[in-house]
1. When you look at T201, is it touching a residue at least 40 places away in the same chain (Cβ under 8 Å) and open to solvent by less than 70 Å² (accessible area, probe 1.4 Å), yes or no?
2. Take the residues of segment 66-85 that are part of a loop (DSSP other than H, G, I, E, B) and in contact (Cβ under 8 Å) with a residue 60 or more places away in the chain: which is least open to solvent (accessible area, probe 1.4 Å)?
3. Which residue out of V187, V206, V125, V142 is more than 22 Å from the chain's Cα centre (by Cα) and of a type in the set (A, V, I, L, M)?
4. Need the failing condition index for A88 against (1) among the hydrophobic types (A, V, I, L, M, F, W, C); (2) touching a residue at least 24 places away in the same chain (Cβ under 8 Å); (3) more than 21 Å from D159 (Cα to Cα); (4) assigned to a helix (DSSP H, G or I), just the number.
5. I'm trying to understand the selection: among the residues of segment 154-191, which are touching a Phe, Trp or Tyr at 6+ places or on another chain (Cβ under 6 Å) and either within 15 Å of G24 (Cβ to Cβ) or crowded, with 20+ Cβ neighbours inside 10 Å (or both)?
6. Run down T37, T30, T58, T47 and say which single residue is of a type outside the set (D, E), at pLDDT 95 or above and open to solvent by 30 Å² or more (accessible area, probe 1.4 Å).
7. Provide a single number: the residues in segment 93-120 that are closer than 20 Å to Q81 by Cα, in contact with a helix residue (DSSP H, G or I) (Cβ under 6 Å, 6 or more places away or on another chain) and not small (G, A, S).
8. With R128, R119, R138 as the choices, which residue is among the basic types (K, R) and touching a Gly at 6+ places or on another chain (Cβ under 8 Å)?
Amino acid sequence: MEDITTRLNRLDSCAVSDAMDKLGLKAVVTGIHQYSTQRKIAGPVVTVKLGIDDGRPTAAKHLGTTAIELAKPGDVIVVEQRTGMDAAAWGGNLSLGAKVHGVAGVICEGPARDIDESRQHDFPVYARDHTCTTARGRLVEVATNEKIMVGTILVSAGDYALADASAVVFIREDDILRVLDAAEKIVEKEKLMAEAIRAGTPIGKVMGGDYESMLKR
């Protein structure tokens, strides 16, 4: 059977979103932007949850490094930093370490820093915002590979993420195969529509009643 990540990488967030609409699933997070590259990323998720440094005992490792070490090549690291504090959930050395380890990219529910550095590393950083403020003395790592919230979506380790210029979508591990099947059918239909438009078929006819109803369950 063809690899799930390979199939997911052929799609975009819009096709996956349409498929999940058709299946009655919730998936989409908007307002997270491409910062360091224009490259789409897709793959299984490794999660990181950050919190405010309130003096609690913490591991000696810097935040995010455990996720990089646990990640398999092609995984996507997803970080929750919802403290409201202006402090980076991700930085340049993490980008370099993740790239060397084969990580596909990072998605931050919160700000990232060292954007220019991550651009030099050609490592995809998607984030809610950007900053230059360090996490040191402000944030600590609360957990790795536990459930986190990104937008309004609950994300678990082993789920799948796809991020591109339109949005970020998350697919539960249990749903991935049926979402892929539905999204691939939608992409094929839209490919035929595009061919018809190029061939001179009036766009109103191409995008008629069938188009409006194609996502109905």
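1. On the way: touching a residue at least 40 places away in the same chain (Cβ under 8 Å): no; open to solvent by less than 70 Å² (accessible area, probe 1.4 Å): yes.
Answer is no for this residue.
2. Let us first name the residues in segment 66-85 that are part of a loop (DSSP other than H, G, I, E, B), namely 71-75, 81-85.
Now restrict to residues that are in contact (Cβ under 8 Å) with a residue 60 or more places away in the chain: 74, 82.
Details: G74: 25, R82: 120 Å².
Going through the qualifying residues, I end up with G74.
3. On the way: V187 fails: more than 22 Å from the chain's Cα centre (by Cα); V125 fails: more than 22 Å from the chain's Cα centre (by Cα); V142 fails: more than 22 Å from the chain's Cα centre (by Cα).
Within the list V187, V206, V125, V142, the selection yields V206.
4. Every listed condition holds for A88 apart from (4).
5. Here is the first cut: in segment 154-191, the residues touching a Phe, Trp or Tyr at 6+ places or on another chain (Cβ under 6 Å) are 155, 159, 161, 163, 171, 176.
Of everything in segment 154-191, those that are touching a Phe, Trp or Tyr at 6+ places or on another chain (Cβ under 6 Å) and either within 15 Å of G24 (Cβ to Cβ) or crowded, with 20+ Cβ neighbours inside 10 Å (or both) turn out to be V155, D159, A161, A163, I171.
6. On the way: T37 fails: open to solvent by 30 Å² or more (accessible area, probe 1.4 Å); T58 fails: at pLDDT 95 or above; T47 fails: open to solvent by 30 Å² or more (accessible area, probe 1.4 Å).
Just one listed residue meets the conditions, T30.
7. Residues meeting the conditions: 1.
8. Values: R119 fails: touching a Gly at 6+ places or on another chain (Cβ under 8 Å); R138 fails: touching a Gly at 6+ places or on another chain (Cβ under 8 Å).
Result of the check over R128, R119, R138: R128.
The values are calculated or read from the model by the stated rules, or taken from the named source; none is laboratory data. Because the structure is a prediction, the values reported are computed rather than measured. Cβ: placed from backbone, ideal geometry, glycine included. Neighbour counts: every protein chain shown. Protein only, heavy atoms only, side chains kept; ligands, DNA and RNA dropped before computing areas. Shrake-Rupley method; radii C 1.70, N 1.55, O 1.52, S 1.80 Å.
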